[in-house]
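A.B. asks: Pasting a structure below so you can have a look.
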Amino acid sequence: MTPSFRRSVAEHRASIKELVDAALRDPGNEKVHLRQAMGRRLATTINAPRSLPPWDNSQMDGYAVNTTDLGQGPLRVTNPIAAGEAAPPLVHGHAAPIMTGAPMPEGANAVIPIEAAIPERFPSETQLAAGFTVQLPVNAEPGSFIRTRGSDITEGDTVLEAGTLLGPTSLGILAGLGIGETSVSQRPSVLLLSTGDELVAPGGELGPGQIHDANTTLLAVALEAAGCTVTTVGVLDDSPALFTESLRTALSTGERSHQLVISSGGISKGAFDVVKEVLGAHGIDFGSVKMQPGGPQGSGTLTLPGCEPVAFIAFPGNPVSAFVSFEIFLRPALAGHLGITARPQLKATLSEPMDSMPGKLQVRRGTYTDGAFTPLGGSSSHLLAALAASNALILIDEDIIELAAGQIVQTLIIGDGS
Ligand code: AMP
Ligand code: MG
């Protein structure tokens, strides 16, 4: 079969972005607890249900005073006001020990920090009972060291606009305002499948010629780290009839329809390349991208009779190819929707010479340390252990066949665990 497309990396990237943009255009909303809202987009604009602080309170551990009482000798100290208590009114001529965050008593208009008092320590209960007095500075600005009601945010003001990507600080202000649940965009639901009759789920016993399925795990966690909800169906059969049946069942099971289906394997030029064989007739284009690893690719809108149309992306089966395809094509397309940041790009000095095949963009793996890149494991796309030991990729242009040690290369840092 002749491939239906032959594309540059940039062309395929653009094509995947277009497919993903359309698939994720209307994600739908759901109400979740704040802890589940991290990394999601706020569905509605939130106005403050109350002011923060809700009442005037002390910014320091110190004495609540009325400034008109200062400069007239030592003040009689009253019972202390702790955070979390209602404060009794301050009687003229008195100073009330007040802790940071405790409400200002009526009648007080300033806080004198404990450091400015003589003595510089709060009285014990016994000292208080004996009629303790404190010497304070002779004057202070009214309002000093008071955090006034609404000085952070006023009731009714907009706190966060609809569409805001929620992170620790935005979720912190919602929590601070007493909001426990919020409406956010739903995570994209992704159906993930592997193909290959030689594959056995990790933990299972291997028969002759069998290997364990690495891609279901690798791609599921990569998609989850990018913000997707992933349903895995394991390995689908390499026979066209069984593959079609299992795919149909997987697409119609579950409470929510999927926005995206990702497969690995079965799209090259082999005899049992079932994904290509079956789905070529149902809306998916297959072809090759000038990249190594990850040359064979497929994508399109799957129109399987009896199922809702759904965006489908087919990756090649070698684990390194599947991972590189995810990093180069899918992760960037998801990034804009899910708020994940692009991989950092850092310049590095190549620590040893490298070869690269002409005519293809080669994506090589290795380690980035202290400004140096050391390739690991050569170019073969089955080298999963070397990939696992790597924390960076370099993209070698199609017209470059040799790189010298000491040359400056651009790395893509993938080693932050997500
Ligand atoms: P395919 O793309 O199906 O031709 O597979 C290419 C190579 O990748 C073969 O050696 C497969 O055994 C291997 N392979 C395919 N899928 C997986 C997988 N899920 N886990 C590990 N290896 C795989
Ligand atoms: Mg296969």
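The values are calculated or read from the model by the stated rules, or taken from the named source; none is laboratory data. Please read these numbers as outputs of a predicted model, since none were measured by experiment. Cβ atoms come from the backbone with ideal geometry, glycine included; neighbour counts cover every protein chain shown. The protein model used for the area step is the full one, side chains on, heavy atoms only, and it has no ligands, DNA or RNA in it. Shrake-Rupley method; radii C 1.70, N 1.55, O 1.52, S 1.80 Å.
A.B. asks: Do the conditions hold for THR148, that is, is it away from ligand 2 (no atom under 16 Å from the Cβ), surrounded by fewer than 13 Cβ atoms within 10 Å (Cβ to Cβ), polar (S, T, N, Q) and more than 30 Å from HIS33 (Cβ to Cβ)?
C.D. replies: no
A.B. asks: I'd like the residue in the stretch 275-289 that is touching a strand residue (DSSP E or B) at 6+ places or on another chain (Cβ under 6 Å) and in a helix (DSSP H, G or I) and, out of all such residues, is farthest from ligand 2 (Cβ to nearest atom).
C.D. replies: LYS276
A.B. asks: Could you list all residues from the stretch 172-205 that are hydrophobic (A, V, I, L, M, F, W, C) and within 26 Å of GLU277 (Cβ to Cβ)?
C.D. replies: VAL190, LEU191, LEU192, LEU193, LEU199, VAL200, ALA201
A.B. asks: Looking at SER263, is it within 16 Å of ligand 1 (Cβ to nearest atom), buried (at least 21 other Cβ atoms within 10 Å of the Cβ) and in contact (Cβ under 8 Å) with a residue 12 or more places away in the chain?
C.D. replies: Yes, satisfied.
A.B. asks: Also: Consider only pairs whose beta carbons are under 7 Å apart and that are at least six residues apart or on different chains; among these, list those whose first residue lies in the stretch 220-239 and is more than 24 Å from ASP273 (Cα to Cα) and whose second residue is among the polar types (S, T, N, Q).
C.D. replies: ALA225/SER418; THR229/SER189
A.B. asks: Filtering the stretch 32-67 down to residues that are assigned to a strand (DSSP E or B) and aliphatic (A, V, I, L, M), which residue is surrounded by the fewest Cβ atoms within 10 Å (Cβ to Cβ)?
C.D. replies: VAL32
A.B. asks: When you look at GLY73, is it out of contact with any helix residue (DSSP H, G or I) (no Cβ under 6 Å at 6 or more places or on another chain) and modelled with pLDDT of 95 or more, yes or no?
C.D. replies: Yes; evaluated as a whole, the condition is true for this residue.
A.B. asks: Considering the stretch 178-200 alone, what residues qualify as being more than 15 Å from ligand 2 (Cβ to nearest atom), open to solvent by 10 Å² or more (accessible area, probe 1.4 Å) and in contact with a strand residue (DSSP E or B) (Cβ under 6 Å, 6 or more places away or on another chain)?
C.D. replies: Across the stretch 178-200, the qualifying residues are GLU181, SER183, SER185, GLN186, ARG187.
A.B. asks: Right, another one. List pairs: first in the stretch 295-308 and outside any strand (DSSP E or B), second open to solvent by less than 10 Å² (accessible area, probe 1.4 Å) and of a type in the set (Val, Ile, Thr), Cβ under 8 Å, 6+ apart or cross-chain?
C.D. replies: GLY295/VAL289
A.B. asks: Shifting gears a bit: Among the candidates ALA83, ALA87, ALA96, single out the residue that is surrounded by 14 or more Cβ atoms within 10 Å (Cβ to Cβ), assigned to a loop (DSSP other than H, G, I, E, B), small (Gly, Ala, Ser) and free of Cβ contacts under 8 Å to residues at least 40 places away in the same chain.
C.D. replies: None of the other options fit; the residue is ALA87.
A.B. asks: Continuing with this model, one more query. Out of the residues in the stretch 160-177 that are open to solvent by less than 30 Å² (accessible area, probe 1.4 Å) and of a type outside the set (Ser, Thr, Tyr), which is farthest from ligand 2 (Cβ to nearest atom)?
C.D. replies: For the stretch 160-177, the residue satisfying everything is LEU177.
A.B. asks: Check the stretch 165-183 and report whether any residue there is touching a His at 6+ places or on another chain (Cβ under 6 Å) and among the hydrophobic types (A, V, I, L, M, F, W, C).
C.D. replies: Checked the stretch 165-183: no residue is touching a His at 6+ places or on another chain (Cβ under 6 Å) and among the hydrophobic types (A, V, I, L, M, F, W, C).
A.B. asks: Out of everything in the stretch 201-231 that is assigned to a helix (DSSP H, G or I) and open to solvent by 60 Å² or more (accessible area, probe 1.4 Å), what residue ends up being nearest to ligand 2 (Cβ to nearest atom)?
C.D. replies: Selected residue: THR217.
A.B. asks: Within the stretch 232-253, track down each residue that is more than 12 Å from ligand 1 (Cβ to nearest atom) and either open to solvent by 60 Å² or more (accessible area, probe 1.4 Å) or among the charged types (D, E, K, R) (or both).
C.D. replies: Residues satisfying the conditions are ASP237, ALA241, LEU242, GLU245, ARG248, THR249, SER252, THR253.
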